[in-house]
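The values are calculated or read from the model by the stated rules, or taken from the named source; none is laboratory data. In this text, all values refer to a predicted model and were calculated from it rather than measured experimentally. As a convention, Cβ positions derive from the backbone with ideal geometry for all residues, glycine included, and neighbour counts pool all protein chains shown. Please note that ligands, DNA and RNA were not included when accessible areas were found on the heavy atoms of the full protein model with its side chains. Shrake-Rupley method; radii C 1.70, N 1.55, O 1.52, S 1.80 Å.
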Amino acid sequence: MLLLLLACTGSKPHPPADDTAGDDTGRDNTATDDTATTACPDGEPPVVGDAAWEQAGLVPAVGMHTLAGDGSWPVWVGSHATGVWRADEDLLWDDSLVTITHTLSEIAIEAGNPDHAFRSSGGRLQRTTDGGLVWTDLTLGSIDVEPLDEVWAISVTPWQPERILVVMESGASWVSEDDGETFTFASYAPIREPPIVEDPFAVWGWRLLSEPEVGGRVLLTDAQGVMVSDDGMASWTRTLDAPVGGYSLLRDPLDPAHLVVGGEDAVYTSEDGGDTWSTVTIAGDVAGGSWASDGSWLALVGEDGSWTSTDAVTFTEEPHTLHMPMAALIQDDGRLLVANHMGVAVSEDRGVTWADASEGLVDRGMSVVAADPTCPARVFAASRCGGGGVSSDDYGTTWSAVDEYFHYVMEVSFDPIVADRVWAVSDDRLMRSDDAGVTWDEVWKRYHFHGFAVHPEDPDLLLLGSVAQGVWADTSAHVYRSEDGGETWGDSSTGLPESEASAHVIRYWPGNSDVVILGTYKGGDVSHATGEGVGLWRSADGGETWSQVAPDAQDIAALAEADGRMFAGTEDGILVSEDEGLTWTSVPGPATWVLGLIVQGDVGLAYAFDGKAWKSTDGGYTWEVLDDGLPPNPNSWLAQVSISADGTIGYVTVFDGGVYRLGL
């Protein structure tokens, strides 16, 4: 099995927990029986050349939550995790349009010209006029915008396509009369916070409907009801006060005063433009919907099923097995598209039957890879967005999704004692799987964590490093220690300086578990693009106290243990120590930031910030460039390398490229 954990940019921080808090979900974190194992997949390794890297199987993108179109082709789909794509009537999504930052809001298009589109991405508002070949960042007005205030709703006015309406997470409402070149602040809509839910996959969608004619009414849903504005968003009135599906606010194409919005076990309808609402009871909660462009029928979708109607009064319900459907789009040819967590589904019989229509939806934002040291075909990897996971049983040749939520994975580690136990550091959480990555439990949630290590003889002894910048920041870069498998934690940072760095990578010395090496790195935000580390540190008492070694090294992104020695990837290349970390010397090879590093037997692999991969055939003492077949690194400060347990395949992650393989 090859599991890919998906991760992304930060959201609002969780409240801090007690230092000794364990699993706040109530799960049992004690060691489990290590005699039961998950079968290692059989099969020969793929035939991969040793002279050039090749792309492994494409990773399916997940987290689809919005669709945009006017009934004609092409159509757009956006993911809160991995980007935006476009497809024509063949429903083959164009991955040349993939951008690795996530789409936060609904995509908005110009009616009759779907090549003219707007989206929110990574906190930015962007526009394309050529079908997504080029996206232009737009500036919202002249007043300062809150740093975490992001665009959550966009609308293109049908009677004047240069008139663009935008509402931000704070409720700040903006109007542009020149296609987004400049914006004027209108007001703050009275937005309500979404309810707290336990489902980490939950995505809150808003829908903004611009005026259907000059002087008409603007409508907005914040998932907590419907608001109306009759003065170009200068003021707002909430006319429906009830939980609703954010992407289900619909306007009848034949009668602008006729509105529909789905709610919890209900559909709300209005005949007067939203002044008053009537209720139709249904069995299920609605997330999204669409009205056919000729007004002949509409469709609503939710986790419990789909509903269709020709009069917005009586609804026909059809069950489905789609996972977290969020948005719907009815095409003029009668096909119904639904964006859901696992991709896009299509129905040609109004929701009676469904087929997958996700070809081309791929995630290329890889940053973490870790091969299972006991199972050659099993590898774990990670990208930057919270879309769950994908798995492969064939060295990454093919992939399928895993139904578990991860958010910006930093580290994946295999327990050296307990069979099938895998650990993952995911933003502010430490996660554990006891069945080789099939299911996961949350062990501890508090800070932005990064470095992690399991004692080589004691599976209950854990070390976990924190990050002191960005969302979920700790007060300083600390090392935390647990002696009971993660149920309780204590600070184990004596000797470490106060800093805004990342306690980035932790490794026990091979053959002497009293010695632990800690590499610190740039703290920055969750992408570790800014800040600076505070060097390389050594503990001689199992990680309880620390002293600095190799004082010339500042930023250490990777450590690689080998027989009797250890290598460190620094901002100036690779260092090696043969005396349990007391002294370190440089080795011939890369002379720049080394982001990923592994040595397994005589073979070593390294990946540097300049996009070059390196290979060693003498156990890490000398290195030669071997980067044929790799795309350039788009300024990512996170990347990793790994080697399969049988030593036949090497892996590297290239952000904006994916997972690449090399025959060894």
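Please report, in Å, the Rg and the Dmax of the chain, where both are computed over Cα atoms only.
Final numbers for Rg and Dmax: 26.0, 80 Å.
Okay, which of segment 457-471 sit inside 19 Å, backbone N to the point 7 Å along the Cα-Cβ direction of Thr488?
459-464
Would you pull out the residues with amide H under 5 Å of Gly343's amide H, same chain only if 5 or more places away, H placed 1.01 Å from N?
When sequence neighbours closer than 5 places are left aside, the close amide H contacts are Gly63, Met64.
Please work out the FRET efficiency for the pair Ala283 and Asp435, using the Cβ-Cβ distance as r and a Förster radius of 35 Å; give the result to the nearest 0.05.
0.50
Considering the alpha-carbon set of segment 462-610 alone, what are its Rg and its Dmax in angstrom?
Cα-based Rg and Dmax for segment 462-610 come out at 14.6, 44 Å.
For Asp646 and Thr398, calculate 0.36 nm times their separation in residues minus their Cα-Cα distance, and state this gained length in nm to one decimal. Show your work: numbers first, answer last.
Values: separation 248, 0.36 × 248 = 89.28 nm, distance 1.92 nm.
Once the chain is fully extended between Asp646 and Thr398, it gains 87.4 nm.
Could you give the Stokes-Einstein D for segment 442-497 in µm² per second, using the C-alpha Kirkwood radius, 25 °C, 0.890 mPa s?
212
Could you count how many Lys pairs in the chain have their Cα atoms under 27 Å apart, skipping same-chain pairs fewer than 8 positions apart?
Lysine pairs satisfying the spacing and distance rule in the chain number 5.
What residues of segment 508-523 lie in the reach of a label at Leu582, counting those whose backbone N is under 14 Å from a point 7 Å from the Cα along Cα→Cβ?
515
Ordering Lys612, Lys522, Lys445 from largest to smallest accessible area (1.4 angstrom probe), what's the sequence?
Result of the area sort, largest leading: Lys612, Lys445, Lys522.
What does the extension gain come out to for Glu54 and Trp159, with contour length at 0.36 nm per residue minus their alpha carbon separation?
32.9 nm
Take the Cβ-Cβ distance between Glu213 and Thr314 as r, set R0 to 41 Å, and report the resulting FRET efficiency rounded to the nearest 0.05.
0.90
Of all DSSP beta bridges located in segment 205-320, what percent are antiparallel, nearest 5? Don't jump to the answer; show the numbers that get you there.
On the way: 35 of 36 bridges.
DSSP beta bridges in segment 205-320 are roughly 95 percent antiparallel.
Round to the nearest 10 and report in Å² the accessible area of Trp509, as given by a 1.4 Å probe over the protein chains' heavy atoms.
That residue has around 10 Å² of solvent-accessible surface.
How are the alpha carbon pair distances in segment 312-464 distributed across 10 Å bins from zero to the largest one, expressed in percent?
For segment 312-464, the binned pair fractions read 10, 33, 27, 17, 10, 3, 0 percent.
Ser72 versus Asp88, label points 7 Å from Cα toward the beta carbon: distance in nm?
Going from the Ser72 label point to the Asp88 one covers 1.4 nm.
May I have the extent of the alpha carbons of segment 267-386 along their three principal axes, as whole Å values ordered from largest to smallest?
Each principal axis gives a Cα extent; for segment 267-386 these are 63, 30, 23 Å.
Restricting things to alpha carbons, tell me how big segment 569-609 is in terms of Rg and Dmax, in Å.
Gyration radius and largest Cα-Cα distance of segment 569-609: 10.3, 28 Å.
Using a Förster distance of 30 Å, how high is the FRET efficiency between Ser296 and Asp272, based on the Cβ-Cβ distance and rounded to 0.05?
Once the sixth-power term is evaluated, E becomes 0.85.
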